[in-house]
Amino acid sequence: MDRTAAATSVDIDALLQAMSLEEKVSLLAGRSFWITTAVPRLGVPAIKVTDGPNGARGDGVSGATAASLPVGSALGSTWNLALVREVGRVLGEEALTKNAQVLLGPTINLHRTPLGGRNFECYSEDPYLSGLLACAFIDGVQSTGVGACPKHFVANDSEYQRHSISSEVDERTLRELYLTPFELAVTRARPWSLMSSYNRINGTFASSHRALLRDLLKDQWGFDGVVVSDWGAALETEANLNGGLDLEMPGPTRTRGQALVEAVRGGRVAQADVDDSVRRMLRLIARSGRFDAPDPVPEAAVDRPEHRAVARRAAAEGMVLIRNEGLLPLDPARVGNLAVIGPNARNGQIQGGGSSAVFPHYQVMPLEGLRRAGNWTVQHSPGCFNHKYLPLPAPGRLTCDGEPGCRLRLFPEGSDIAALERMVELTFNPMGGLPLNMIGAGRVGPAFTATLEAEFVPEVSGSHQFGLMSSGLTRLFIDDVEVIDNWTAQERGDAFFGWGSSERRAAIDAEAGRSYRFRIEFQSAPDVLVSGVRYGILPPHTDDMIEQAARTAAAADAAVLVVGSNADWETEGNDRRDMSLPGDQLALIDAVLSANPNTLIVVNTGAAVDMPWLQRAPAVLQAWLPGQEFGNALADVITGRVNPSGRMPTTVPLRLQDTPAYTSYPGEAGRVLYGERLFMGYRWYDARDLPVRVPFGHGLSYTQFDYSDLEISGDLTSVTVRVAVRNVGRLAGQEVVQLYLRATDAPVQRPEQELRAFAKPSLAPGERTTVQFTLTPRDFAYWDVTRGDWLAAAGNYEIRVGASSRDIRLRASWQRGADVRVA
């Protein structure tokens, strides 16, 4: 949908001229958590934004469910621009069902360290791959008439001290790595908005960084959209506006309003800069079509078959077959008994935690998907736990008046009349818990109390563990007896984006079938963005879970072991502690591999994890966090209905100590030094000739491909590379053909090789195709800090084509005869 005509039909100059200073300033801050401010006198409507990069959640209050698509690292593994464009289109259509005009995504920060808590949201460790995927995603979203919002600008690559840490990055590294995905997205896909990050860059807050927001983004790159703050990141009234931040979110304003009006009248903020930001806001509103349809409509859950199909295809295509010693594909006609084992088999993780998570229309787990995939007999055993916090209760375990869930009552401060009462089912927590102030949606104010009440009926008798944590004060009562006090004293924890308490636990002996009164009391905390509560209940369990799993595996013809993490470990707000699989999963893997040599290990994580068992396993599949169609897509790949074609968008190192940022992460004294400079990801491992567990770009297929006939032609302005690729196997499949460039005699230090092009042809058995790439001077260039521009230097270059960064099939030299400056 082309919104250019809609934008130009609105007389923005006339509106701008008619506005008072107060009205202009009001447009530059949100009215509420997701909605901007309107100017009714002039007919300027508000617009609504929604999270996020793998779904359109809406306001989280209506209860309307949404499609859950694969997360960023899974989409990055597809290396398929057309498919990612389709995903973007689906999410744009989903945003429309939530009455939202802007979708807050894609997330295009880089995998600088495997411990980054939001790595699952991001595509890759490589800036070029990330940038092209971002362009495809943005094109898809904006084709529906919804604006995209790439984030978080810039060098926002971990969650440690995320509201204040200063990313210390030299100019060349910033240009060649961390800015590149944003440059590609802005200059090629023209997003309607862009989100600045929480962190500082070289001491200056991202939302106040004039050199990046005004000079680079708006002036050099020609960005004509709105720069919106990350939620709560607009901290400096004058510096933010002067620096180039257009919109403070969420509302109501904390740093603008009258303070900004006075700064303008006092000459500390230029009227022209305010007008520029207002013009951008009006342009965004016009592009959204809200001038023609200003009235909000209710959010809706629209579960479309065509969206399900895209979700399933994207999930399957993002899965990476890391290892296969002849085990896969499994033939249901030959496997009579299948063991499906692991903590993520019945309760797999479809998405990460934090602002990107949605309430899914449905979710198909691996156990369910594999049971439906064939006539085999499926036996299940969980093997162990992998929770960080006590798990949420099973659906229906808490009831109120016969209905699943709890009765929530919210009381505004100073009132004994409930401002809001509703049923809530806390079986899934996209914001790290139950965000009570968001559910209140402005009706209770920042200061309020709340109660959650339900009946708890245990399924089995024995000791049940209860857990409680909150952003605010809480206590838990069972049959009116206080069992957890998280009120009189609290310790700081990781939940609720770092504003929450640590988890308090208590054990209660309970009888199966008996009803217990369950009540939580809550009081909001001042000056936090999200007030809320999270509870968990762990029923009794046996001590021999691993032994039970091994016995289940031994009795089967083949086993599928689904290991991984959950949204407690991989979430916005905190980084992972290490690369290990949590809980007793290493022991479980050892036991199951010993019990059954025909074991496939499925890794259900959003980021790289340690795999010391890799060479023992006959088959390993990296499934990532694949969205609502997890189980169906997994069955498609395992049974061969889909030939795997995912390729790793990030390197899995042999050990954490080998990683580029190991000595500088997470930082100290409020700063994190990007000391590895250009040598991040595969660039680091290549430069040091370090062995890795799984190389960047690696992925297997059920067929094989042959490369031949590398040809290069061109001149200083354009180089054409052609390579023949043939499917020499027995099955149709897709191959990801990767082109890396090496500067063999560069005048400055450069990486051993850098990804500069890729293609993904689909070939029938025996079919041959010619893949063609075009390289521009920018592809050969480095950032020249002495001149402040890009330089494609004269000299010798090696063009490498292969199936991964460590599987180069063909090489050829190319000579550039003169320096070329690139604008």
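Taking the criterion of being among the acidic types (D, E) and in contact with a strand residue (DSSP E or B) (Cβ under 9 Å, 6 or more places away or on another chain), the residues of region 186-236 that qualify are D230, E236.
In the set V748, V736, V728, only one residue is at negative phi, surrounded by 22 or more Cβ atoms within 10 Å (Cβ to Cβ) and of a type in the set (A, V, I, L, M, F, W, C); that residue is V736. Among the residues making up region 321-334, those that are of a type outside the set (K, R) and modelled with pLDDT under 95 are D331, P332, A333. Take R371 and decide whether it is surrounded by fewer than 20 Cβ atoms within 10 Å (Cβ to Cβ) and at pLDDT 85 or above. Taking the combined requirement at face value, the residue satisfies it. Give me a count of the residues in region 128-137 that are in contact with a strand residue (DSSP E or B) (Cβ under 9 Å, 6 or more places away or on another chain), open to solvent by less than 10 Å² (accessible area, probe 1.4 Å) and farther than 22 Å from V302 by Cβ. Residues in region 128-137 being in contact with a strand residue (DSSP E or B) (Cβ under 9 Å, 6 or more places away or on another chain), open to solvent by less than 10 Å² (accessible area, probe 1.4 Å) and farther than 22 Å from V302 by Cβ: 3 in total.
When each of A512, A554, A549, A525 is tested for being touching a residue at least 40 places away in the same chain (Cβ under 8 Å), on the phi < 0 side of the Ramachandran plot and in contact with a Phe, Trp or Tyr (Cβ under 9 Å, 6 or more places away or on another chain), the lone residue that passes is A525. Is it the case that region 750-765 has a residue that's under 26 Å from G681 (Cα atoms) and over 31 Å from the mean Cα position of the chain (by Cα)? No, there is no match, as no residue in region 750-765 is under 26 Å from G681 (Cα atoms) and over 31 Å from the mean Cα position of the chain (by Cα).
Every residue, every condition in (1) within 17 Å of L194 (Cα to Cα); (2) in a loop (DSSP other than H, G, I, E, B); (3) open to solvent by 10 Å² or more (accessible area, probe 1.4 Å), yes or no:
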{"site": "E23", "(1), (2), (3)": "no, no, yes"}
{"site": "S32", "(1), (2), (3)": "no, yes, yes"}
{"site": "R41", "(1), (2), (3)": "no, no, yes"}
{"site": "A46", "(1), (2), (3)": "no, yes, yes"}
{"site": "T50", "(1), (2), (3)": "yes, no, no"}
{"site": "R57", "(1), (2), (3)": "no, yes, no"}
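Residues in region 423-461 that are among the small types (G, A, S) and at pLDDT 90 or above were compared, and the one that is surrounded by the fewest Cβ atoms within 10 Å (Cβ to Cβ) is S461.
Here T144 meets each of (1) assigned to a loop (DSSP other than H, G, I, E, B); (2) closer than 25 Å to E125 by Cα; (3) of a type in the set (S, T, N, Q) with one exception, condition (2). Residue by residue through region 794-823, note down the ones that are among the polar types (S, T, N, Q) and closer than 30 Å to T78 by Cα. Passing the criteria: S804, S805, S813.
G675 meets the conditions (1) in contact (Cβ under 8 Å) with a residue 24 or more places away in the chain; (2) within 30 Å of H163 (Cβ to Cβ) in every case but one. The failed one is (1). Scanning region 482-509 for residues that are in a strand (DSSP E or B) and in contact (Cβ under 8 Å) with a residue 24 or more places away in the chain returns V483, S501, R504, R505, A506, A507, I508, D509.
Scan region 269-292 residue by residue and report those that are open to solvent by less than 40 Å² (accessible area, probe 1.4 Å), under 14 Å from N240 (Cα atoms) and assigned to a loop (DSSP other than H, G, I, E, B). Within region 269-292, V269 is the sole residue that qualifies. If you check R312, R287, R268, R283 for being farther than 27 Å from T97 by Cα and among the basic types (K, R), only one passes: R268. Can you find a residue in region 696-712 that is of a type in the set (D, E), assigned to a strand (DSSP E or B) and under 28 Å from M319 (Cβ atoms)? Yes. Scanning region 85-113 for residues that are without any contact (Cβ under 8 Å) to a residue 60 or more places away in the chain, aliphatic (A, V, I, L, M) and either open to solvent by less than 10 Å² (accessible area, probe 1.4 Å) or out of contact with any Ser or Thr (no Cβ under 8 Å at 6 or more places or on another chain) (or both) yields L91, A95, L103. Taken together, Q363, Q349 contain a single residue that is under 26 Å from G573 (Cβ atoms), in contact with a Leu (Cβ under 8 Å, 6 or more places away or on another chain) and either part of a loop (DSSP other than H, G, I, E, B) or open to solvent by less than 20 Å² (accessible area, probe 1.4 Å) (or both), which is Q349. Summed over region 29-65, the residues that are hydrophobic (A, V, I, L, M, F, W, C), out of contact with any strand residue (DSSP E or B) (no Cβ under 7 Å at 6 or more places or on another chain) and at pLDDT 95 or above give a count of 3.
The values are calculated or read from the model by the stated rules, or taken from the named source; none is laboratory data. Remember, predicted model here, so these are calculated numbers, not experimental data. Cβ coordinates were reconstructed from backbone atoms using ideal geometry, including for glycine residues, and neighbour counts include every protein chain displayed. What goes into the accessible areas is simple: the full protein's heavy atoms, side chains included, and nothing from ligands, DNA or RNA. Shrake-Rupley method; radii C 1.70, N 1.55, O 1.52, S 1.80 Å.
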